[in-house]
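The values are calculated or read from the model by the stated rules, or taken from the named source; none is laboratory data. Not measured: the values here are computed from a predicted model. We place every Cβ from the backbone using ideal geometry, glycine too, and count neighbours over all the protein chains shown.
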Amino acid sequence: MDLDTLLSYKWGAMAPEFIILGASVLLSLLDLFLPKTYKRNSLAWFALAGVILALISLGTLISGGTVSILNNTFRLDSFSIAFKFILLLGSALVILIAHSYQPKEGFRAFRGEFYYLFLTGLLGAMFMASSGDLITLFVGLELLSVSSYILAGMRKTSQESNEAAMKYVINGGIATAITLFGMSYLYGLSGTTNISEMAKIMSGQAAEHQYLYLYGLAFFMVLIGLSFKIAAAPFHMWAPDVYQGSPTPVASYLSVISKTAGFILLLRLILTLFLTIPGDKADLSFLEQNSTYIGCLAGITIIAGNVAALRQRNIKRMFAYSSIAQAGYILAGITALGYFTFDAVWFYLLAYVFMNLGAFAVIQLMTDQSNSGDISEFAGLYRRSPVAALSFSIFLLSLAGIPGTAGFIGKLTIFMNTLMTEPGHFLLASLMIAGTVISYFYYFGIMVQMFFRPQAAEGRVVLPAGIGAVVMIALAGTLILGLAPNSAFTFLHHNFGSFNDFLK
């Protein structure tokens with residue numbers, strides 16, 4: 001490649017990625033050369049500045065149309081911009097949570113490493129959102145995964161953290177191998193790694209029923225591998241141990257940023273490739289014909305996550321199972337493949353950023369002070385900090401799907417989407433209702449502790465600046481999306497188009 005060709009590319013399409021990369025390199029150099037006596041938690045402001053600059057640059061690209069560079073290996077379209085917005089917004093909140101993190105042992109010496117490893121994982125997720133090729137998609141996935149493995153074991157002197165990192169590496173390696181095996185079938189059958197070219201070739205081959213069963217095998221391998229990544233049952237057993245053993249900012253990062261990246265990869269591969277392949281029946285695509293399998297995965301995930309959460313006493317393990325159940329609801333939205341699928345999934349992930357990170361901010365506040373993750377530590381929180389208790393209650397109500405909150409609108413949108421298709425997914429909709437009702441028991445159980453149990457400890461609970469900012473931002477987002485959801489949908493349709501536009 002000569003210099004003229006290199007300069008002819010529209011590198012501005014990668015401006016957010018370049019900013020995150022530059023911030024990550026700068027943070028690593030600062031951490032390396034700053035004296036050991038310098039408090040590394042101030043590096044959070046450098047990381048936050050990088051994320052905010054990337055978010056601003058992303059905003060300038062909204063009206064630029066679709067841009068494809070490097071032989072279509074990097075693609076900036078409405079899909080990638082919409083999900084990068086969620087990734088960057090969630091990352092900014094996670095950095096604020098991490099700034100206020102004060103563990104008793106095993107993290108302070110490595111705090112500087114957290115920020116640039118976190119930005120490296122974010123960079124991988126952003127590349128996944130814009131990947132138009134299996135190679136760049138896999139590189140982005142591994143960049144995210146390897147960073148996540150290290151972050152999970154950041155408390156190097158903690159046995160729980162070491163165990164979490166080991167389990168995460170083993171399960172993540174298995175998931176990566178299965179996903180790559182499925183991708184190898186796709187490459188071997190199509191002869192290309194470019195996703196758009198692959199879709200055309202696969203559509204032509206499948207129309208003549210050539211290699212249809214081999215494409216089916218690739219579909220199931222990719223689906224199973226990504227089910228590990230999003231912690232969908234029965235491939236979820238790593239999540240509770242990893243959430244419990246990881247530092248709280250890492251657990252919040254895994255629950256939102258990593259999970260969103262998993263769904264980005266799932267949507268980019270499954271919808272782009274398998275929705276264009278005709279199935280055995282002339283009027284149905286391959287994906288529509290096999291959507292029942294995704295529906296079964298969604299139903300099992302919803303019930304398993306909610307039922308297992310009922311018996312948890314550790315708050316982070318409970319939220320791990322809650323996160324598993326939430327993944328089931330999003331899978332239900334993908335199963336339906338209706339006109340509002342893209343809208344429903346995007347809105348739910350946006351709502352999940354606010355309600356889940358807001359909840360994790362309060363969880364970190366309490367676990368740092370008590371050095372315990374038992375639910376009983378939240379007893380009497382209303383008397384010690386009314387603001388924290390009321391805010392946490394709203395986040396729990398949103399996660400439970402109570403009207404007036406973002407979680408209710410998200411679940412309602414997915415629920416209606418499952419019924420608007422022909423034929424309707426009535427069983428899946430029933431499982432969503434059942435799972436939601438089950439979740440009331442453990443979400444409301446925490447509220448009972450906060451409002452109706454005697455105080456677990458004496459003294460006021462003071463919200464640090466970072467935690468307070470996250471709680472207020474998350475609270476505003478949860479209530480605005482719950483009371484005025486059209487603001488988000490209007491923003492989505494005006495700037496990014498619809499689900500059907502993405503498939504063109």
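Among the numbered conditions (1) in contact with a Phe, Trp or Tyr (Cβ under 9 Å, 6 or more places away or on another chain); (2) in contact (Cβ under 8 Å) with a residue 12 or more places away in the chain, the only one that Ser291 does not meet is (1). The residues in the range 120-160 that are under 15 Å from the mean Cα position of the chain (by Cα) and over 20 Å from Asn171 (Cβ atoms) can be counted, and the count is 5.
Of all residues in the range 466-501, those that are more than 30 Å from Gln102 (Cβ to Cβ) and either of a type outside the set (Gly, Ala, Ser) or at pLDDT 85 or above (or both) total 20. Helices (runs of 4 or more DSSP H) fully within the range 212-320 that include at least 1 residues being of a type outside the set (Asp, Glu) and farther than 29 Å from Met166 by Cα: 212-229, 286-289, 291-309. Within the range 171-198, residues that are over 19 Å from Tyr213 (Cα atoms) have Cβ atoms under 8 Å from residues that are crowded, with 20+ Cβ neighbours inside 10 Å and β-branched (Val, Ile, Thr) in these pairs: Asn194/Thr73, counting only partners at least 6 apart in sequence or on another chain. Quick one: Ser131 ticks every box in (1) more than 30 Å from Phe220 (Cβ to Cβ); (2) surrounded by 20 or more Cβ atoms within 10 Å (Cβ to Cβ) except a single one, so which number is it? Tallying (1) more than 30 Å from Phe220 (Cβ to Cβ); (2) surrounded by 20 or more Cβ atoms within 10 Å (Cβ to Cβ), Ser131 fails exactly one: (1).
May I ask you to list the residues in the range 383-415 that are at pLDDT below 90 and not basic (Lys, Arg)? Don't jump to the end; show me each part of the working.
So the first thing to find is which residues in the range 383-415 are at pLDDT below 90, and the list is 383-385.
Listed by number, the list holds a single entry, Ser385.
Restricting to the range 145-163, and then to whatever is in contact with a Lys or Arg (Cβ under 9 Å, 6 or more places away or on another chain) and assigned to a helix (DSSP H, G or I), can you tell me which residue is nearest to Phe114 (Cα to Cα)?
Residues of the range 145-163 that are in contact with a Lys or Arg (Cβ under 9 Å, 6 or more places away or on another chain), as a first pass: 145, 152, 154, 161-162.
If we keep only those that are assigned to a helix (DSSP H, G or I) too, we end up with 145, 152, 161-162.
Numbers: Ser145: 14, Ala152: 10, Ser161: 14, Asn162: 16 Å.
Applying the filter and picking the extreme gives Ala152.
Just to be sure before I move on: is Ser322 at pLDDT 90 or above and not aliphatic (A, V, I, L, M) in the structure I sent? Spelling it out, Ser322 is indeed at pLDDT 90 or above and not aliphatic (A, V, I, L, M).
Ala325: crowded, with 23+ Cβ neighbours inside 10 Å, in contact with a Phe, Trp or Tyr (Cβ under 6 Å, 6 or more places away or on another chain) and touching a residue at least 24 places away in the same chain (Cβ under 8 Å), yes or no? Write out each step before concluding.
Details: crowded, with 23+ Cβ neighbours inside 10 Å: yes; in contact with a Phe, Trp or Tyr (Cβ under 6 Å, 6 or more places away or on another chain): no; touching a residue at least 24 places away in the same chain (Cβ under 8 Å): yes.
For Ala325, the condition - crowded, with 23+ Cβ neighbours inside 10 Å, in contact with a Phe, Trp or Tyr (Cβ under 6 Å, 6 or more places away or on another chain) and touching a residue at least 24 places away in the same chain (Cβ under 8 Å) - is not met.
Gly401 fulfils the conditions (1) under 27 Å from Ser370 (Cβ atoms); (2) in contact with a Phe, Trp or Tyr (Cβ under 6 Å, 6 or more places away or on another chain) except for a single criterion, (1). Of Ala49, Ala44, which residue is under 24 Å from Ile97 (Cβ atoms), in the same structural domain as Ile264 (by TED's automatic domain parsing) and touching a His at 6+ places or on another chain (Cβ under 6 Å)? None of the other options fit; the residue is Ala44. Among residues of the range 377-394 that are of a type in the set (Ser, Thr, Tyr), those with a Cβ under 9 angstrom from a residue that is outside any helix (DSSP H, G or I), sequence gap 6+ or separate chain, pair up as Ser385/Arg460; Ser385/Val461; Ser385/Val462; Ser385/Leu463. Residues of the range 402-430 that are surrounded by fewer than 24 Cβ atoms within 10 Å (Cβ to Cβ) and touching a Gly at 6+ places or on another chain (Cβ under 6 Å): Gly404, Phe408, Met420, Thr421.
Confirm whether Asp31 is at pLDDT below 90, more than 25 Å from the chain's Cα centre (by Cα), among the acidic types (Asp, Glu) and surrounded by fewer than 22 Cβ atoms within 10 Å (Cβ to Cβ). Walk me through how you get there before you give the answer.
Numbers: at pLDDT below 90: yes; more than 25 Å from the chain's Cα centre (by Cα): yes; among the acidic types (Asp, Glu): yes; surrounded by fewer than 22 Cβ atoms within 10 Å (Cβ to Cβ): yes.
Yes; evaluated as a whole, the condition is true for this residue.
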